[in-house]
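Chemist: The structure's right below; bear with me while I get my questions together.
The values are calculated or read from the model by the stated rules, or taken from the named source; none is laboratory data. No experiment lies behind these values; they were computed from the predicted model shown. Heads up, the Cβs are rebuilt from the backbone with ideal geometry, glycines too, and the neighbour counts pull from every protein chain shown. Surface accessibility is based on the protein's heavy atoms, side chains included, excluding ligands, DNA and RNA. Shrake-Rupley method; radii C 1.70, N 1.55, O 1.52, S 1.80 Å.
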Amino acid sequence: MNDNKRLRIAIQKSGRLSKESMKLLKGCGVKFNIDERRLIAHSDNMPIDLLRVRDDDIPGLVMDGVVDLGILGENVLEEEQLERQSTGKPCTFDKLRQLDFGSCRLSIAMPQEFEYSDSSSLEGLRIASSYPNLLNRFLAAKQVSYLDCMLKGSVEVAPRSGLADGICDLVSTGATLEANGLVESEVIFRSKACMIQSPIAQADDKQALIDKILSRINGVIRAKE
Ligand code: PRT
Ligand code: ZN
């Protein structure tokens, strides 16, 4: 079992949020050496352990109280929260703050030749996405019924491959959509990285450390503004 006295922070192991997450913690004075083969990195100067995992695992680890803090995209957080709400699993957490990286949007995009007027144009069509709950919330609110096509990867090639009529995927520059002959027709969620805390009550010294880290993060971000 883990040493419960140490603060456990989950960050993305390798991907778009990894470098910035580590830079942020280093900027807060947390020193650690990463061994690429290991899941856990122990800080040398503070009672902190870093858990390096896939971003999709971070919300569950925090909501289940396996780790104390997590750094992840709001998109992944919101999707997992909706999923857990629908299956009755624990889905509470405290959002400590939004961070200044990982900016993107979750958008519906259709082939260039498709004539899109508003979301009712999607009635009865098949939409490929890795974010079925966010897509469903958006289209259900517009009373549009559509067909699912759940894909964890290669979402942008689904229309060209004949798997779906359109997609709902993350966009930052728009280059991927353009390269695949797709046009962004509807932004359904705007996201940045954020830091969240487990709902499980902390011992006073651990909570004091969380407060210290949060106040340093506020300082690091303010200094850049
Ligand atoms: O292995 P693991 O599961 O941890 O990583 P992952 O492959 O699921 O995630 P990763 O590293 O791709 O993204 C992690 C997080 O970064 C996302 O959950 C978002 O919060 C954030 N983020 C910011 C993005 C992007 N920008 C982004 N552009 N995540 C993905 N993309 C992809 C998008 O899916 C599409 O394929 O980039 C492509 C579009 O980019 P543009 O610039 O061409 O529009
Ligand atoms: Zn992922």
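Chemist: Counting only protein heavy atoms, what percent of the accessible surface of region 92-225 is carbon or sulfur at a 1.4 Å probe?
Modeler: The C+S portion of the solvent-accessible surface of region 92-225 is 47 percent.
Chemist: Can you give the relative contact order of region 90-223 as a percent, counting alpha carbon pairs under 8 Å and 6+ residues apart?
Modeler: 41
Chemist: While we're looking at this one, here's another question. How many nm separate the modelled label positions at SER14 and ASP211, each set 7 Å beyond the Cα in the direction of the Cβ?
Modeler: 4.0
Chemist: Rolling a 1.4 angstrom probe over the protein heavy atoms, how many square angstrom per residue are accessible across the chain?
Modeler: It amounts to 52 Å² per residue over the chain.
Chemist: Residue by residue through region 162-176, what is 3J(HN,Hα) from phi via Karplus (6.51 cos²θ - 1.76 cosθ + 1.60, θ = phi - 60°)? Round to whole Hz and write x for glycine and proline.
Modeler: With coefficients 6.51, -1.76 and 1.60, one gets x, 7, 8, 7, x, 9, 9, 8, 6, 9, 10, 7, x, 4, 5 Hz.
Chemist: With label points built 7 Å along Cα→Cβ from the Cα atoms of SER120 and SER154, find their separation and express it in nm.
Modeler: The answer from the label model is 3.6 nm.
Chemist: Please check: in the Gaussian network model of the chain (C-alpha springs, under 10 Å), which one of GLU74, GLU184, GLU123 has the largest mean-square fluctuation.
Modeler: Result: GLU123 has the largest fluctuation of those listed.
Chemist: Let me ask something else. For every other residue with a beta carbon closer than 13 angstrom to the beta carbon of GLY65, add +1 if it is Lys or Arg and -1 if Asp or Glu, then tell me the sum.
Modeler: After counting each charged neighbour, the total is 0.
Chemist: Using Cα springs under 10 Å in a Gaussian network model of the chain, which residue among ASN133, ASN33, ASN75 shows the largest mean-square fluctuation?
Modeler: ASN33
Chemist: Taking K and R as +1 and D and E as -1, what net charge do the other residues with C-beta under 10 Å from the C-beta of LEU182 add up to?
Modeler: Counting the neighbours of LEU182, the net charge comes to -3.
Chemist: Tell me, what is the percent relative contact order of region 1-87, built from C-alpha pairs under 8 Å that lie six or more residues apart?
Modeler: For region 1-87, the relative contact order is 35 percent.
Chemist: Also: Calculate the FRET efficiency for ARG37 and ASN4 from the Cβ-Cβ distance with a Förster distance of 22 Å, rounded to the nearest 0.05.
Modeler: Efficiency computed from Cβ-Cβ geometry: 0.35.
Chemist: Give the peptides 100-112, 140-152 in descending order of average Cβ contacts within 10 Å, highest first.
Modeler: Output ranking for 100-112, 140-152: 100-112, 140-152.
Chemist: Can I ask one more? Suppose a student asked you for the relative contact order of the chain, using Cα pairs under 8 Å spaced at least 6 residues apart; what percent would you report?
Modeler: So the answer I get is 26 percent.
Chemist: As a test of understanding, state the convex hull volume per residue of the chain from its alpha carbons, in Å³.
Modeler: It is 141 Å³ per residue.
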